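Here, each number is a calculation from the coordinates, and none is a lab measurement. Keep in mind it's a predicted model, so treat the numbers as computed, not measured. Glycine gets a Cβ as well: all are built from the backbone with ideal geometry, and neighbour counts include every protein chain shown.
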Amino acid sequence: MTASLAADYRRLRESVGAVADVYRAVSIAGTDARRFLQGVLSADVASAEEGTVLRSLLLTPKGRLVAHLRVAVGEDRIVAITDAAATDDMVDVLERFRFRVDARIDPIDAVCTLLYGPGATGACDLAPGRWRDEGARCLIDVPAVHPGARRILVVGGRTDVPPVDPAAYAAVRIEDGEPISGVDVDVRSIPHETGLVDGAVSFTKGCYLGQELVSRIETRGHVNRALRGIVAAGGAPIAAGTTVQGLDRDLGTVTSSAVSPERGAIGMAMVRVEALPGTEVRLQGPDGSREGTVVALPMR
């Protein structure tokens, strides 16, 4: 890792840095916006106070994960935030199930800049779990999967926060256990495999898309895979697509990776549940093989 990359990593950990193209925003507006999303998303949108931001999941009818969302709730307008890689899939599913409701779905054609770090609060003066619509831009607190540094999304408009190298943010994201929808988790994933269920699913609201599988696993089921971190021997990055191997079988595949100043080569992988944190594995990639260790997420 270069000195500049290490400095950007420290800035994300100790102050604040800006990263573009991490998320995209979609507006769902109309008198039926809340009612429509209440029947589609896993979060209890109907009961949310105006101005709050919820974590939620959008699932297929069979309970597979389409996208992990942050939902900024307004009176007649809701802004849904998801990873850039999953935005088109999210819009496709919402449109497919939008009928006989006053709810217009419009991707927001504006630059989305993520402000990450403990200094994000001072940069925007935005309370945790809240959002503010300023007309030309929106400021949205982005609740983390695991408690950690503030994440504020600026949708449209400008920010004076200096940018950081995306590779530095990748290291922070993986350490913090923030999977990317469409990359680390996707429509092959069962929600309970991903570590995203807690805080994103209401088990007291009415029916929503894919609810049956989520409820069944929560009450009496189990899953065969789990999202874990990987720490590799040696300083070279782990190639995406690298196979995680156990003693007698393949355990999973590395989906994203980075180099951390604190941990060296790290990655994220969906692996079989028997690969518990602390399990020693072999990483078989295009450039050969090396040793690695499965770790829990978040790594911090």
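What percent do you get for the relative contact order of the chain when only Cα pairs under 8 Å and 6+ apart count?
Normalised by residue count, the contact order of the chain is 20 percent.
With an 8 Å Cα cut-off and a minimum separation of 6 or more residues, compute the relative contact order for segment 3-175 in percent.
For segment 3-175, the relative contact order is 30 percent.
Report Rg/Rh for segment 3-175, rounded to two decimals, where Rg is the Cα radius of gyration and Rh the Kirkwood radius.
With Rg and the Kirkwood Rh in hand, the quotient comes to 0.98.
Given the options 74, 195, 278, state which has the largest fluctuation in a GNM of the chain using a 10 Å cut-off (strictly under) for Cα springs.
Of 74, 195, 278, the most mobile in the Gaussian network model is 278.
Hey, fewest Cβ within 10 Å first, where do 68, 222, 146, 192 land in order?
Ascending number of Cβ neighbours within 10 Å: 222, 146, 192, 68.
Subtracting the Cα-Cα distance from 0.36 nm times the residue separation, let me have the gained length for residue 296 to residue 99 in nm, one decimal.
Between residue 296 and residue 99, full extension yields an extra 66.7 nm.
Which angle between 0 and 90 degrees, to the nearest 10, do you get for helix 3-14 versus the longest principal axis of the chain when only C-alpha atoms count?
50 degrees
Average the reciprocal distances over every distinct pair of alpha-carbons in the chain, invert the result, and give the Kirkwood radius in Å.
Over the chain, the inverse of the mean reciprocal pair distance is 19.8 Å.
Could you work out the per residue convex hull volume over the alpha carbons of segment 224-300, in cubic angstrom?
76 Å³
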